[in-house]
Amino acid sequence: MPLKPPPLRNDCFALPPGVDWTPVDTALTMLQRRLAPVVAREHVPLDAGLGRVLAEDLLAYRSNPPEANTAVDGYGFAGGSVGAGDVVLPLVEGRSAAGAPFAGRVPEGSAVRVLTGAALPEGVDTVVLDEDCATGDGQVAFRGPVKRGANTRKAGEDVAEGALALSAGRVLTPADLALAAAVGHSALPVFSRLRIGVLSTGDEIVEPGNRAAPGQIFDANRPMLLSMATRFGYEAIDLGHVRDNRDVLRARLDGAVGAVDAILTSGGASAGDEDHVSALLRDTGALAEWRIALKPGRPLALGMWQGVPVFGLPGNPVAAFVCTLVFARPAMGLLAGTGWQAPVGFDVPSAFTKRKKPGRREYLRARIREGRAEVFASEGSGRVSGLSWAEGFVELDDGARDIAPGDIVRFIPFGSFGL
Ligand code: AMP
Ligand code: MG
C-alpha cells in the first residue's frame, strides 16, 4: 500500500463565528492555511511526468553542462596566449566534436578545430567563431583581442551537480522535463493524481442527447467541470446527475467515498427548499456556508463527506466556473500537493465602461483585442455563451470603481488558471 497522508480535519472549512460576507482574499487565506496534500506518492518515468505534481525537491545528479564545451563552431586555444592585432596560430591535427572529444592536450600557442557542443580539450579555454577566421596551410588567422572564455560554456554554468533543479510542488511543464533530463533523471517522484468527482444536481437537469421536456435544461456544468479537472491535471470522475432528492444524493456521495479525493457538485448549494447539497452537508457533512463577497457566485457550500472535501458550487454555469477557478482550483492544488496557485494577471487598458459598487470582488468575462480588455456584453450568470466567448477575466477589486475606456484594469487569462 502506498503511504498516504493523514485525512483532513472535519472542521477544515469552518468559518469563525460572526463572519458575514467573507472577502475573497480572506477566504483564500483560510483555504491556504487549512488544506494539505491527500494523495500518495509514486515514481513515474520522465516521459509520463507532464502535468504531474513533483513530490520531492529534485537535485541535479549531474552538472549541466557536465563539462566545459564550445557554444559555436570555430577554433579553440588558450585565451591567455593571444593579444591584440592579427593572430596566426598553427592548428593541431584532429578536432573536437560533440560526443567525440579531442584526445590529448593542445599546446599553448596552437589552436584546434572545435564543433558546437564539443568538450573543450585540455589547454583550450577560448573559442573564436568560424566566421571570424581564415584558414590555410595548417594555420588559423583571426583578429585579436579575443575575450578569454569567449564562445564557451563552463561546466555546471546552468545547474551544478547537487544543486536544486526543481522544487517539490511544481506542476511539471515541458521545460521542467527537459531540465530533469538534462541533470540526469529518468524517473520522477510525483504525487498520485488527485481524483476529482463531478456531480450535477437538480430536477430540471437532463443529459445532453436525451429529450428535454419543457422546463428542463441540458447539463452544461458537468462537461465543463469534468474537463476543467482534466485540464488541471487531475483524474476526472463522472459521478453523474442526481435529482433534488436527499436520499439519492446521500447514496451517490456515499458511493463516491473511496473512489475520489474531492467532489465538485453544482446546483443546490444555497439555502432554498430544493437546495439539498447544502442541507445534506449541513446535517452530516460539517457544512460551512461561505458567503463570499464575489460576483458572480452565491454562497459556496464547503463540507466534508466522510473525510472527502466537497465543493458545493453554484448551479449557474458562470458562477460555477468562476468559483471553480477562484476557489476550488487552488484548494484542489493543495490537496494534490502543489504549492499555492495564484493566477498571474496583467495590467491592460480597458475598452469598456463600468460602474462598480463597493463590497465585493467581481470577475468579468473578458478578452484582449488590440491590446485592450473588452468584456462580454452581459453580466448574466447563466450566459454560457459569454464564458465560451471569453479568454480570461477582468478582476475588479473589492472597492467601488468607475471604469472608462483607457483606464488600467487587471486581466487574468484563463491560461493563468491552468485552463
Ligand atoms: P441552483 O443553484 O440549483 O439553484 O441553480 C441555479 C441555476 O443554475 C438554475 O437556473 C439552474 O437551472 C442552473 N443549473 C443548475 N445546474 C446546472 C447544470 N448542471 N447545467 C446548467 N445549468 C444548471
Ligand atoms: Mg437546483
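Report whether or not GLY80 is farther than 16 Å from ALA187 by Cβ, assigned by TED's automatic domain parsing to the domain that holds ASP132 and surrounded by fewer than 20 Cβ atoms within 10 Å (Cβ to Cβ). Lay out the reasoning, then the answer.
Numbers: farther than 16 Å from ALA187 by Cβ: yes; assigned by TED's automatic domain parsing to the domain that holds ASP132: yes; surrounded by fewer than 20 Cβ atoms within 10 Å (Cβ to Cβ): yes.
Taking the combined requirement at face value, the residue satisfies it.
Tell me yes or no: at least one residue of the stretch 102-113 is open to solvent by less than 30 Å² (accessible area, probe 1.4 Å) and under 30 Å from TRP340 (Cα atoms).
no
Among the residues of the stretch 257-278, write down those that are of a type outside the set (D, E, K, R), more than 11 Å from ligand 2 (Cβ to nearest atom) and surrounded by 20 or more Cβ atoms within 10 Å (Cβ to Cβ).
Within the stretch 257-278, VAL260, ALA262, ILE263, LEU264 qualify.
Taking LEU59 as the residue in question, decide whether it is touching a strand residue (DSSP E or B) at 6+ places or on another chain (Cβ under 8 Å), surrounded by 14 or more Cβ atoms within 10 Å (Cβ to Cβ) and more than 30 Å from VAL190 (Cα to Cα).
no
Can you work out which of the residues in the stretch 189-211 that are among the hydroxyl-bearing types (Ser, Thr, Tyr) and within 25 Å of GLY233 (Cβ to Cβ) is nearest to ligand 2 (Cβ to nearest atom)?
SER200
Which ranges mark the strands (runs of 3 or more DSSP E) fully within the stretch 157-214 that have 2 or more residues being in contact with a Gly (Cβ under 9 Å, 6 or more places away or on another chain)?
187-191, 195-201
Which residues, counting only those in the stretch 187-234, are open to solvent by 20 Å² or more (accessible area, probe 1.4 Å), within 18 Å of LEU253 (Cβ to Cβ) and without any contact (Cβ under 8 Å) to a residue 60 or more places away in the chain?
Passing the criteria: only LEU226.
List the strands (runs of 3 or more DSSP E) inside the stretch 68-138, counting only whole elements, that have at least 1 residues being under 28 Å from ASP158 (Cβ atoms).
Values: elements: 74-77, 85-96, 111-114, 126-129, 134-136.
Because the criterion is at least 1 residues that are under 28 Å from ASP158 (Cβ atoms), the strands (runs of 3 or more DSSP E) in the stretch 68-138 that meet it are 74-77, 85-96, 111-114, 126-129.
Could you tell me whether ALA178 is open to solvent by less than 50 Å² (accessible area, probe 1.4 Å), under 21 Å from the mean Cα position of the chain (by Cα) and under 30 Å from THR126 (Cβ atoms)?
It is false that ALA178 is open to solvent by less than 50 Å² (accessible area, probe 1.4 Å), under 21 Å from the mean Cα position of the chain (by Cα) and under 30 Å from THR126 (Cβ atoms).
Output the number of the condition that ASP273 fails; it satisfies all remaining conditions of (1) modelled with pLDDT under 95; (2) within 28 Å of the chain's Cα centre (by Cα).
(2)
Within the stretch 215-236, count every residue that is away from ligand 2 (no atom under 16 Å from the Cβ) and part of a loop (DSSP other than H, G, I, E, B).
Residues flagged as away from ligand 2 (no atom under 16 Å from the Cβ) and part of a loop (DSSP other than H, G, I, E, B) within the stretch 215-236 amount to 3.
For the stretch 270-318: of the residues being touching a residue at least 40 places away in the same chain (Cβ under 8 Å) and of a type in the set (Val, Ile, Thr), which is nearest to ALA390 (Cα to Cα)?
Step by step, filter the stretch 270-318, then rank; the result is VAL318.
Give the residues of the stretch 279-310 that are among the β-branched types (Val, Ile, Thr) and crowded, with 19+ Cβ neighbours inside 10 Å, sorted by residue number.
Here is the first cut: in the stretch 279-310, the residues among the β-branched types (Val, Ile, Thr) are 284, 292, 308, 310.
If the condition is that a residue be among the β-branched types (Val, Ile, Thr) and crowded, with 19+ Cβ neighbours inside 10 Å, then ILE292, VAL308, VAL310 are the ones that fit.
Are any residues in the stretch 26-50 closer than 30 Å to TRP290 by Cα and touching a residue at least 12 places away in the same chain (Cβ under 8 Å), and if so, which ones?
Selection gives ALA27, LEU28, MET30, LEU31, GLN32, ARG34, LEU35, ALA36, PRO37, VAL38, VAL39, ALA40.
For the stretch 113-126, does any single residue satisfy the condition of being of a type in the set (Gly, Ala, Ser), touching a residue at least 24 places away in the same chain (Cβ under 8 Å) and under 18 Å from VAL82 (Cα atoms)?
Checked against the condition, which is being of a type in the set (Gly, Ala, Ser), touching a residue at least 24 places away in the same chain (Cβ under 8 Å) and under 18 Å from VAL82 (Cα atoms), the stretch 113-126 yields at least one hit.
Which residue pairs have Cβ atoms closer than 8 Å, lie 6 or more positions apart in sequence or on different chains, and pair a first residue in the stretch 146-165 that is under 26 Å from VAL88 (Cα atoms) with a second residue that is modelled with pLDDT under 95?
Correct list of pairs: VAL146/GLY79; VAL146/VAL82; LYS147/GLY79; ARG148/GLY79; ARG148/GLY80; GLY149/GLY79; ALA150/GLY79.
Here is a list of conditions, (1) open to solvent by 10 Å² or more (accessible area, probe 1.4 Å); (2) more than 17 Å from VAL242 (Cα to Cα); (3) of a type in the set (S, T, N, Q), and ASN316 meets all of them except one; can you say which number that is?
Going through the list (1) open to solvent by 10 Å² or more (accessible area, probe 1.4 Å); (2) more than 17 Å from VAL242 (Cα to Cα); (3) of a type in the set (S, T, N, Q), ASN316 breaks only (2).
The values are calculated or read from the model by the stated rules, or taken from the named source; none is laboratory data. From a predicted model like this one, the values you see are computed outputs, not experimental measurements. Counting neighbours? That spans all protein chains shown, and the Cβs are built from the backbone with ideal geometry, glycine included. Ligands, DNA and RNA are excluded from the accessible area calculation, which covers all protein heavy atoms including side chains. Shrake-Rupley method; radii C 1.70, N 1.55, O 1.52, S 1.80 Å.
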